[in-house]
1. Which of the peptides 190-201, 163-174, 26-37 is most tightly packed, and how do the rest follow, judged by the mean count of other Cβ atoms within 10 Å per residue?
2. Across the stretch 124-130, in residue order, what do the Karplus-derived ³J(HN,Hα) couplings come to in whole Hz, using 6.51 cos²θ - 1.76 cosθ + 1.60 with θ = phi - 60° and x for Gly and Pro?
3. Using modelled backbone amide H atoms (1.01 Å from N, in-plane), which distant-in-sequence or interchain residues come within less than 5 Å of residue 71's amide H?
4. Using just the alpha carbons, could you tell me how many Å³ per residue the convex hull of the stretch 101-196 encloses?
5. I need the P(r) histogram for the chain: all alpha carbon pairs, bin width 5 Å from 0 out to the longest distance, whole percents.
6. With the Cα gyration tensor of the stretch 82-132 giving a ≥ b ≥ c as the square roots of its eigenvalues, does the rule (a/c under 1.5 for rounded; else a/b larger than b/c for prolate; else oblate) give rounded, prolate or oblate?
7. For the chain, with the dipole built from +1 on Lys and Arg beta-carbon atoms and -1 on Asp and Glu ones, taken about the Cα centre, which of 19, 1, 135 lies farthest toward the positive end?
8. Carbon and sulfur together cover what percent of the accessible area of the stretch 85-210 at a 1.4 Å probe radius?
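The values are calculated or read from the model by the stated rules, or taken from the named source; none is laboratory data. Here the structure is a predicted model, which is why all the values come from computation and not from measurement. Because the Cβ atoms are built from the backbone with ideal geometry, glycine has one as well, and the counts that use them run over all protein chains shown. Side chains are part of the model used for accessible areas, which takes the heavy atoms of the whole protein and leaves out ligands, DNA and RNA. Shrake-Rupley method; radii C 1.70, N 1.55, O 1.52, S 1.80 Å.
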Amino acid sequence: TSEAFTPAERCEAGEKARVTYTYTSDANITALQAVFRWLNSAGGEISRNTVSLTPNTTGTRTDEFTAPEGTVNFQFGLRATSGATAGSASASNITLRILIGMAKSVTASFDADLVKEYVLGSDKPAFLASGNKSFKVSFDLLYVNDKYAQKVLNGDKFDVVIAPDGWGTGKPLVTLRNVVLNSWEQSITQDGMIAEAVEGEAEGAEVATQ
């Protein structure tokens, strides 16, 4: 039996990890599982969730599990068992999303500068085109940990995925690629509620369907 995993991704208790992937294995694989592996701050495994896959087939799936108490990082991978002859199995086209926990609101905006040139004798532009673009995102959420504050300090890049109508085939999906956060603000109210507000910009954006 062998296992292979993706690099560890920050994921806290209560957050959901959603992974879309394509798996394949040959006829020498007798058992195959997709593995969601939950890690503590020391890198040790707390627990795992598994999904049984059919050996000697190729397929694409989307699976989702919630991180248990004590989770700091998450890994996705495959666990394969061979018969008398060693087999091979692999996962590809892996899209890993950590769903933001405790979010209260999210705002995404796309902006484009207009390039306009006028000529003498006309009040209408002789040339009009879309220029430099910017892709902004902000979200407010209940404070759980310092993950987003650390992303501001470290300059980490990550994708933000928004499913305005929820998850399901054919529903809209907005993805902001390689977001860099430039603002983090924490607030504590009189009744003890701790919240945070985060803002950033992306390198690019996509609007598609699931």
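1. Working: 190-201: 13.9, 163-174: 11.4, 26-37: 17.8.
So the peptides 190-201, 163-174, 26-37, ranked by packing, come out 26-37, 190-201, 163-174.
2. Once θ is set to phi - 60°, the couplings for the stretch 124-130 become 10, x, 7, 9, 9, 8, 7 Hz.
3. Result for residue 71 returns 13.
4. Numbers: hull volume 17.3 nm³, N = 96.
Residue-normalised Cα hull volume stands at 180 Å³.
5. Bins of 5 Å from zero give 1, 6, 12, 14, 15, 14, 11, 8, 6, 5, 3, 2, 1, 1, 0, 0, 0, 0 percent of pairs.
6. Numbers: a/c = 12.90, a/b = 2.49, b/c = 5.19.
Oblate is the answer for the stretch 82-132, as a/c is 1.5 or above yet b/c matches or exceeds a/b.
7. Highest projection toward the positive end goes to 1.
8. On the way: 4010 of 7970 Å².
Summing carbon and sulfur atoms, their accessible area is 50 percent of the total for the stretch 85-210.
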